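Only one structure is covered here, and it is reproduced in the block below.
Coordinate-derived values only; no laboratory data. Only a predicted model underlies this, so the values are computations on that prediction, with no experimental measurement involved. Counting neighbours? That spans all protein chains shown, and the Cβs are built from the backbone with ideal geometry, glycine included.
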Amino acid sequence: MSQHNQAFLKLVNDARSRIREIDIETMLKMKDSGESFILVDVREQDEWAAGHLPDAVYMGKGVIERDIQAKFPDTETTFVLYCGGGFRSALATDNLVKMGYKNCINLDGGFRRWKELGLTLVSP
C-alpha cells in the first residue's frame, strides 16, 4: 500500500468529519436485510477492470460529480461508495453530500479489505 502524503490525509480526514462511514460487515447486513442502495466503485477504470465488488456500478472519482445527476437524479437514493481503501471514496461521498445527495455512505476499508476477507469479486 502506498504511503499517502499529509496534505491528502488532512483532506480525507476533513471529509470524514462530515460523512457517514460503515464497514463491510455493516454493508453486508444492509444487503441481507433487503435495504436498497447503489454500490458505487469510484476507483480508476483500470482498477475496476481488474476486479470489483459484485453488484457495483462504476463511476470513477474523476467523473462521479459530473455524471451522478444524469444517472441517479433522485437525491434520496442511498449510495455506498468504495475505492481501494476508503480515502478517495470519502472525498467522493463528501462531494455528493455537498451536491445535495442525502444518503451517501463511505465504505471504510474498501476493495482491499473486501479482498482480505476473501469475499467474492467480479473479475474480467
From the C-alpha gyration tensor of the chain, pull out the three semi-axes of the equivalent ellipsoid (sqrt of 5λ each), sorted largest to smallest, in whole Å.
19, 19, 15
Within the chain, what percent of beta bridges assigned by DSSP are antiparallel, to the nearest 5?
5
What is the fewest-to-most order of ASP74, ASP108 by other Cβ atoms lying within 10 Å of their Cβ?
ASP74, ASP108
Among the aspartates and glutamates, which have Cα under 15 Å from the Cα of LYS71 when same-chain residues fewer than 8 positions away are ignored?
ASP41
Straight distance only, please: which lysines reach the Cα of LYS10 with their own Cα at less than 29 Å, same-chain residues fewer than 8 apart left out?
LYS61, LYS98, LYS102, LYS115
Rounded to the nearest Å, the spacing of the alpha-carbon centers of the stretch 1-62 and the stretch 76-109 is 7
